[in-house]
Amino acid sequence: MTNRQQHQPSSELDIRRLSGSLGAEIRGIALGQTSSADAELIHDLLLEHMVLFFPEQHLSADEHIAFGRHFGELEAHPHLQYESERPEFFELRANDGGGAVADEWHSDLSCTSHPSKIAILHARVVPDVGGDTMWSNTCKAYDELSAPLRDLCDGLTAFHDASPHHRPGEGHIHPVVRTHPETGRRSLFVNEHFTRRIVELSDAESALLLGHLTRWVQQPRFTVRYRWTAGTIAMWDNRCTQHHVLNDFEGPRLVQRVTVMGDDPQPSQPLPRWAPYGAKTDNSWRDTPMRRQLKAQRTESTRGSAEQPLAPG
Ligand SMILES: O=C(O)CCC(=O)C(=O)O
C-alpha cells in the first residue's frame, strides 16, 4: 500500500468509504482540471480503495480522455465499435435492462494477453431506479480462502476466451492467482464471464473449482454496490476487482469509458507447477480450445518474445 502522505492534494478532498471491503466516494476535486499531483493522489487512493467514485463531474469526451491519460496509455476496446476520431473512447448504451449491459461478473478483457489495468467510466444517462453496478475485492476473496485451497490455486492457470464477444477462438491463459504489481497483494483472477477452463484439471474438476471460485468472489461481504447519478466518474483497478451491472432498470442507460492499457498478470509463484491436464493421454474435445491456446502461447514464447510463457509447457 502506498503512503498517502507522499502525495498531498491540491484541494481539500472529502473521502467516504462505501463498504467494509472496497470503494470510496470522493468530492472536492474537479477532474476536468486534474494536475499531476492530483493524479498521483488519486492513484494512491485507487490502490487503497480499488474503486473510486467522483460525483458531479460532467466531463466532455476530451476531458475524460485527458483525465485517463494521467494514469497511462489508453487503449481502444478490441471488440467494440468506437468513434474513429477517438478510438480510446467508447459508449455502452442500454435500454430497459437490455443492450450493452455487462451483467456478468468480470474483470475487463481478461480474455486478452494484457488485460485492462484501470477503467474510467462516466455515467451520462442513468435510470431513475436500478442499473446499479457492483464491484468485488478479489484480494480479500483470495485471502479468505482456506490455506489448502489458496495453495492449490497459486499453482494453477486458466484459459479465458472472448466468447461473450462472439469470438470463442480468441483467448489467453493467465495465472488463477495474480500478484498486484504495485501493492504486492495476491488476488483471484478467474471470472464467470471470460474464464472457461483450468488448464491443469480435468474438465469436470475445472467446472467444479471454477464454479466455486467465481461464486466465492461474488459474496456480498466482498462487494460494494453503487447507485449512479448522471455526471459521476467511476474508476476501478481491474487487477484486484471484478464488477457486474444490474440489468433491473427501465428506460435508457448510457455510460462512456476509457481504459488504461493492461499489464501481464504475474503469478504468485513460479509456474508451471503441474503439467496441463491430459498431457500424456488422448484429449477429449472439451480440452481442445485450451490445448490450442497452450500451443499458441508456447509458439509465441519460442519466437523470442521477452515475455515468460504464462502457461505450463
Ligand atoms: O456500465 C457499468 O456500470 C459498467 C460497465 C462495465 O462493466 C465495463 O465497462 O466493463
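In the chain, the longest principal axis of the Cα atoms and the axis of helix 36-49 are about 50 degrees apart.
Rounded to the nearest 0.05, what FRET efficiency do R292 and D103 give with R0 = 35 Å and r taken as the Cβ-Cβ distance? Could you check? The formula returns an efficiency of 0.75 here.
Working from Cα pairs under 8 Å separated by at least six residues, relative contact order for the chain is 28 percent.
Based on DSSP H runs of at least 4 residues, each adding -39500 (n - 2.57), what is the mean residue ellipticity at 222 nm of the chain after dividing by all its residues, to the nearest 500 deg cm²/dmol? Write out the running numbers ahead of the final one.
Numbers: 6 runs with 67 residues, N = 313.
The per-residue figure over the chain is -6500 deg cm²/dmol.
Full-extension gain between A39 and E170, please, as 0.36 nm times their residue separation minus the C-alpha to C-alpha distance. Can you show the working numbers first?
Working: separation 131, 0.36 × 131 = 47.16 nm, distance 3.43 nm.
Fully extending the segment from A39 to E170 adds 43.7 nm.
First check a/c for segment 156-227, with a ≥ b ≥ c the square roots of the eigenvalues of its C-alpha gyration tensor; if it is under 1.5, answer rounded, and if not, answer prolate when a/b is larger than b/c or oblate otherwise. The partial results should precede the final answer.
Details: a/c = 1.44, a/b = 1.34, b/c = 1.07.
Judged from the Cα gyration tensor, segment 156-227 comes out rounded (a/c under 1.5).
Among E12, E192, the ranking by other beta carbons within 10 Å of each residue's beta carbon, starting with the fewest, stands as E12, E192.
If we count other beta carbons within 10 Å of each Cβ, what is the order of E40, E250, fewest first? The partial results should precede the final answer.
Values: E40 17, E250 13.
With the sparsest Cβ surroundings first, the list reads E250, E40.
In this simple spin-label approximation, S113 and N95 carry label points 7 Å from Cα along the Cα→Cβ vector, and these lie 4.0 nm apart. Extending 7 Å from Cα along the Cβ direction at V129 and again at A230 yields two label points whose distance is 2.0 nm. Treating the angle as unsigned and between 0 and 90°, give the value, to the nearest 10°, between the Cα long axis of helix 288-302 and the longest Cα principal axis of the chain. Approximately 80 degrees, to the nearest ten. Here's the picture: a label point sits 7 Å out from the Cα of L80 along the beta-carbon direction, and within segment 94-133 the residues with their amide nitrogen under 14 Å of it are 94-95, 99-104, 106-110, 116-125.
We did not get these values from a lab; they are worked out from the coordinates using the rules stated. Everything numeric in this text was worked out from a predicted model, so none of it was measured. Glycine also receives a Cβ, built like all others from the backbone with ideal geometry; neighbour counts cover every protein chain displayed.
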